[in-house]
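**Student:** Got a structure here, written out as structure tokens. Questions coming.
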Amino acid sequence: MTPRRIVIVSRIFAPEPAAASFRLRALARGLAEEGAEVTVLTTRPPAGAVVEPEPYAVRRWPVLRDRFDYVRGIVQYLSFDVPVLFRLLATRADLVVSEPPPTTGMAVLASSWLRGRPYIWYAPDIWTTAARKMDVSPLVKSAMRVMETLAARRAAGVLTVSESMGRELQAVTDVAWDKVFVAENGIDTEVFRPDGPVADPGAPYFVYAGSMSEWQGADVFVRAMPRVLEAHPDAQLRFFGRGSDIDRVEELAARLAPGHVVFEGLRPAAETAEWTRGAVAALGSVLPGIGYDFTKPTKIYAAAACGTPVVYAGAGVAAELVEDNGLGAVADHDADAVADAMIAALDRRLDPARAEENERERRRRSGWAAEHASLAASGRLAARWLLQGFGD
């Protein structure tokens with residue numbers, strides 16, 4: 001039977017600014033376009049968030065948030081997962097789509113078993129792999145691995161955002177490859193585009209827009225700033241987002257580059273796009289050698305869609321993505337190497353003789369993103385796979 005009533009379960013959803021929010025919104029919109037009856041079970045957004053009307057139902061529930069107003073941590077997860085188990089038992093559906101964390105996967109697995117219906121595990125990240133770098137107990141790491149394995153193996157199908165991510169999930173959980181479907185990650189190219197308002201703080205600046213977690217190593221850009229400032233004394237580094245590593249990054253910034261590193265917190269996507277358009281380069285990183293080289297950070301797509309070059313610190317598929325498509329520069333995850341790349345980007349941006357070349361490159365990058373990184377197109381692709389009963 002073709003599923004027509006579909007429920008998406010996630011602790012985070014639009015308008016909360018996060019890659020998961022907009023990826024799931026694209027899926028929900030794609031399903032609605034195909035005629036499915038879609039319901040999203042999620043949380044109340046942070047205070048001040050503007051909720052837009054959508055062509056599907058969104059049912060929100062209060063949840064505990066951390067001091068950054070984010071749903072992160074075991075207690076916060078469970079404040080969503082326990083109620084959602086009972087909400088799912090009372091909700092009619094032909095198919096349920098579950099977003100991590102694995103604790104949510106357990107709530108969906110249990111309710112699906114009790115209601116006798118299938119569910120899809122949507123895996124944009126591999127939590128077991130990410131936990132290796134987290135400062136949590138071995139017991140928590142083991143529990144995470146067991147829950148993630150169960151969520152993936154018991155699912156009727158698995159959605160993921162890249163083949164490399166899917167292969168990593170297969171290696172970690174031993175999930176059957178024939179039930180994995182890849183809908184490549186992307187960005188909202190209606191918001192992140194080359195034309196539109198441009199932020200201008202009066203000095204050249206770099207943008208890091210996204211999560212600052214232990215496995216990303218965003219501190220490397222702060223450690224590069226002293227050398228960058230020797231060459232360009234007015235340069236700035238602006239962080240948009242939050243994460244478990246933010247306290248350490250803030251402390252480092254206050255010590256190494258006081259007054260030149262600004263933490264903007266979470267901002268609406270449109271505002272982040274304004275800052276990205278005006279940036280010398282957008283920054284992205286993943287610590288190499290910790291088993292997370294298979295990920296493609298969404299910030300790369302956001303920068304490309306705005307036409308802005310990327311300075312990427314790390315290795316793996318994200319580095320290949322940047323190099324193979326001329327999206328910017330790749331450096332070792334090392335402060336000196338990153339400083340060299342940032343200084344080169346500043347030199348190129350501030351050279352009047354390269355203005356026309358820079359503009360051509362901006363249009364080329366944004367054109368690539370429009371063709372290869374449309375989140376709307378990815379959402380439609382995933383929606384069709386779901387509605388066709390998980391076929392090829």
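**Student:** Is it the case that some residue within the stretch 211-232 is over 16 Å from HIS333 (Cβ atoms) and either in the same structural domain as VAL161 (by TED's automatic domain parsing) or in a strand (DSSP E or B) (or both)?
**Tutor:** Checked the stretch 211-232: no residue is over 16 Å from HIS333 (Cβ atoms) and either in the same structural domain as VAL161 (by TED's automatic domain parsing) or in a strand (DSSP E or B) (or both).
**Student:** Tell me the residue from ALA344, ALA302 that is touching a residue at least 40 places away in the same chain (Cβ under 8 Å) and either over 20 Å from ALA203 (Cβ atoms) or of a type outside the set (D, E, K, R) (or both), please.
**Tutor:** Answer to the selection: ALA302.
**Student:** Can you tell me which residue among VAL310, VAL286, VAL280 is at pLDDT 95 or above and within 18 Å of MET212 (Cα to Cα)?
**Tutor:** After applying the criteria, what remains is VAL310.
**Student:** Within the stretch 347-366, can one find any residue that is touching a helix residue (DSSP H, G or I) at 6+ places or on another chain (Cβ under 8 Å), touching a residue at least 24 places away in the same chain (Cβ under 8 Å) and of a type in the set (A, V, I, L, M)?
**Tutor:** Scanning the stretch 347-366, I find no residue that is touching a helix residue (DSSP H, G or I) at 6+ places or on another chain (Cβ under 8 Å), touching a residue at least 24 places away in the same chain (Cβ under 8 Å) and of a type in the set (A, V, I, L, M), so the answer is no.
**Student:** Under 28 Å from ASP94 (Cα atoms), modelled with pLDDT under 95 and within 17 Å of the chain's Cα centre (by Cα): does that describe ASP178?
**Tutor:** No.
**Student:** Taking ALA269 as the residue in question, decide whether it is surrounded by fewer than 24 Cβ atoms within 10 Å (Cβ to Cβ), modelled with pLDDT under 95 and closer than 20 Å to ARG223 by Cα.
**Tutor:** Criteria not met by ALA269.
**Student:** Can you name the condition, by its number, that ALA156 falls short on among (1) in contact with a Lys or Arg (Cβ under 8 Å, 6 or more places away or on another chain); (2) farther than 25 Å from PHE294 by Cα; (3) among the small types (Gly, Ala, Ser)?
**Tutor:** (2)
**Student:** Return the residue satisfying two criteria in turn: it lies in the stretch 177-217 and is β-branched (Val, Ile, Thr) and within 18 Å of ALA279 (Cβ to Cβ), and of such residues it is surrounded by the fewest Cβ atoms within 10 Å (Cβ to Cβ).
**Tutor:** The selected residue is VAL198.
**Student:** Next question. How many of the residues in the stretch 68-77 are surrounded by 13 or more Cβ atoms within 10 Å (Cβ to Cβ) and either farther than 27 Å from LEU95 by Cα or free of Cβ contacts under 8 Å to residues at least 12 places away in the same chain (or both)?
**Tutor:** 4
**Student:** Looking only at the stretch 111-136, filter to residues that are without any contact (Cβ under 8 Å) to a residue 40 or more places away in the chain and under 22 Å from GLY217 (Cβ atoms); which one of those is surrounded by the fewest Cβ atoms within 10 Å (Cβ to Cβ)?
**Tutor:** Out of the qualifying residues, it is VAL136.
**Student:** Examine the stretch 47-60 for a residue that is of a type in the set (Ser, Thr, Tyr) and closer than 21 Å to PRO268 by Cα, and state whether such a residue exists.
**Tutor:** So far as the stretch 47-60 goes, no, none of its residues is of a type in the set (Ser, Thr, Tyr) and closer than 21 Å to PRO268 by Cα.
**Student:** Determine which member of the set VAL108, VAL38, VAL51 is buried (at least 19 other Cβ atoms within 10 Å of the Cβ), in contact with a strand residue (DSSP E or B) (Cβ under 9 Å, 6 or more places away or on another chain), β-branched (Val, Ile, Thr) and farther than 28 Å from ALA143 by Cβ.
**Tutor:** VAL38
**Student:** Hey, can you tell me all the residues within the stretch 54-67 that are crowded, with 16+ Cβ neighbours inside 10 Å and either out of contact with any strand residue (DSSP E or B) (no Cβ under 7 Å at 6 or more places or on another chain) or among the aromatic types (Phe, Trp, Tyr) (or both)?
**Tutor:** TYR56, ARG65
**Student:** Among the numbered criteria (1) part of a helix (DSSP H, G or I); (2) closer than 28 Å to GLN388 by Cα; (3) among the aromatic types (Phe, Trp, Tyr); (4) within 22 Å of the chain's Cα centre (by Cα), which single criterion is violated by TYR77?
**Tutor:** Tallying (1) part of a helix (DSSP H, G or I); (2) closer than 28 Å to GLN388 by Cα; (3) among the aromatic types (Phe, Trp, Tyr); (4) within 22 Å of the chain's Cα centre (by Cα), TYR77 fails exactly one: (2).
**Student:** Could you tell me which numbered condition ARG380 fails, if it satisfies all but one of (1) farther than 25 Å from LEU229 by Cβ; (2) among the charged types (D, E, K, R); (3) surrounded by fewer than 21 Cβ atoms within 10 Å (Cβ to Cβ); (4) outside the structural domain of ILE120 (by TED's automatic domain parsing)?
**Tutor:** Every condition holds for ARG380 apart from (4).
The values are calculated or read from the model by the stated rules, or taken from the named source; none is laboratory data. The model shown is predicted, which means the values in this text are computed figures rather than measured ones. Heads up, the Cβs are rebuilt from the backbone with ideal geometry, glycines too, and the neighbour counts pull from every protein chain shown.
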